[in-house]
Amino acid sequence: MAMRQTPLTCSGHTRPVVDLAFSGITPYGYFLISACKDGKPMLRQGDTGDWIGTFLGHKGAVWGATLNTDATKAATAAADFTAKVWDAVSGDEVLSLAHKHIVKTVSFTQDSNCLLTGGNDKLLRIYDLSSPEAAPQEISGHTSAIKKALWCNNDQQILSAADDKTIRLWDRSSMEEVKTLTFDTSVSSMEYVADGQILVITYGKTIAFYNALSLELIKTVEAPAPINSASLHPEKDFFVAGGDDFKLYKFDYSTKEELDQSETDGAAAHVSAESYKGHFGPVHCVRFSPDGELYASGSEDGTLRLWQTAVGKTYGLWKCVLPEDLGSENPEQLYTSTPEIKA
């Protein structure tokens, strides 16, 4: 009996969704922030996609967004030459950090005391949020716009990816470059998995996994289409990726084989690749939730979609309905969900 993946659609944005990030698990659940070219980053309840609020203040496209671990602070990077820090509970703007060009990426340290930024001026900046009036530390070396910058190794090191076709590892205390990876094409995304020190990067049709400390290659996987983003499940048994063909792909991390839904949820049913379609434009970003129960995707079509890791499980707004409970209803419909969430 077939179980079909029914993604939850989170509408509300009016332009392409280009970045998203989850918080850690808090006493109130976990949260999801989305960056959009409409300049209005949104905060949502992570397991349901329910809209909580919109951060208002940017005057240009927002390219990057992040939450600190306990979801008390948010940070955004925008085309208005600013990075902003927000109170994620009240929605108030706390700080606006002026830059000399478009800002593309923001990342909090684990203690939320420092913010790392990067963008089109090719510089990495570290702001001490307890004394924002102080000049930031600056790290130079990239020769093109920085797309993504992340803290790693317990905030002792920094990883950055840029349009100069490199990923660079930096030492925080010396501000020196430790190692550089060079590629034939620009890297489209980068995810750091602290548990296991794994770096997930995408370029062209390739999804590559590196040791984040040594930058030694672990493995690469080739996808059927150009990939814009990939995310490794917290238990590292499989990963998801999305790109130019509007689809989401799921692969076994050990064997590198592409999976259909039945192989990851334990059901006996076969589900066609159509179950991974849902977006009406290229997928720009994909991330697993901190509990691994779902993954979120953001697209050129202006929507976020939430996808179940184990299809048919009762979780969030998905409700498992057993065939005997359906009565005269269609027995093919094994579970239901609320398909549309209005922001």
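The values are calculated or read from the model by the stated rules, or taken from the named source; none is laboratory data. If you're wondering where the values come from, they're calculated on a predicted model, not measured in any experiment. Because the Cβ atoms are built from the backbone with ideal geometry, glycine has one as well, and the counts that use them run over all protein chains shown. Surface areas here come from the heavy atoms of the whole protein model, side chains and all, with no ligands, DNA or RNA. Shrake-Rupley method; radii C 1.70, N 1.55, O 1.52, S 1.80 Å.
Of the residues making up region 125-147, those that are among the small types (G, A, S) and more than 25 Å from the chain's Cα centre (by Cα) are S130, S131, A134, A135, S140, G141. The criterion of being at pLDDT below 95, among the aromatic types (F, W, Y) and within 30 Å of S11 (Cα to Cα) holds for Y276. Scanning region 56-68 for residues that are part of a strand (DSSP E or B) and either touching a Lys or Arg at 6+ places or on another chain (Cβ under 6 Å) or open to solvent by less than 10 Å² (accessible area, probe 1.4 Å) (or both) yields V62, W63, G64, A65.
Considering only residues in region 69-100 that are open to solvent by 70 Å² or more (accessible area, probe 1.4 Å) and not small (G, A, S), the one that is farthest from the chain's Cα centre (by Cα) turns out to be K100. Of the residues making up region 191-243, those that are part of a loop (DSSP other than H, G, I, E, B) and either among the polar types (S, T, N, Q) or buried (at least 20 other Cβ atoms within 10 Å of the Cβ) (or both) are Q197, A212, S214, A223.
If you take the residues in region 109-124 that are under 16 Å from A35 (Cα atoms) and within 17 Å of the chain's Cα centre (by Cα), which one is surrounded by the fewest Cβ atoms within 10 Å (Cβ to Cβ)? Ranking the candidates gives T117 first.
Scanning region 33-54 for residues that are crowded, with 24+ Cβ neighbours inside 10 Å and part of a loop (DSSP other than H, G, I, E, B) turns up P41, G46, G49. Does L304 count as hydrophobic (A, V, I, L, M, F, W, C) and at pLDDT 95 or above? For L304, the condition - hydrophobic (A, V, I, L, M, F, W, C) and at pLDDT 95 or above - is met.
Within region 29-67, can you find the residues that are over 16 Å from the mean Cα position of the chain (by Cα) and farther than 26 Å from T314 by Cβ?
Result: D38, G39, K40, G53, T54, F55, L56, G57, H58, K59, G60, A61.
Test Y249 against the stated conditions and say whether it is open to solvent by less than 50 Å² (accessible area, probe 1.4 Å) and either in contact with a Cys (Cβ under 9 Å, 6 or more places away or on another chain) or within 21 Å of S107 (Cβ to Cβ) (or both). No: the conditions fail for Y249.
Filtering S160, S130, S90 for residues that are of a type in the set (S, T, N, Q), outside any strand (DSSP E or B) and over 24 Å from G39 (Cβ atoms) leaves a single hit, S130.
So, D155, is that one surrounded by 13 or more Cβ atoms within 10 Å (Cβ to Cβ), without any contact (Cβ under 8 Å) to a residue 60 or more places away in the chain and of a type in the set (D, E) or not? The answer is yes for D155. Residue count for region 288-309 under the criterion of being assigned to a loop (DSSP other than H, G, I, E, B), open to solvent by less than 20 Å² (accessible area, probe 1.4 Å) and not polar (S, T, N, Q): the result is 2.
Can you tell me which residue is least open to solvent (accessible area, probe 1.4 Å) among those in region 1-32 that are at pLDDT 95 or above and among the charged types (D, E, K, R)? Restricting to residues being at pLDDT 95 or above and among the charged types (D, E, K, R), the top hit is D19.
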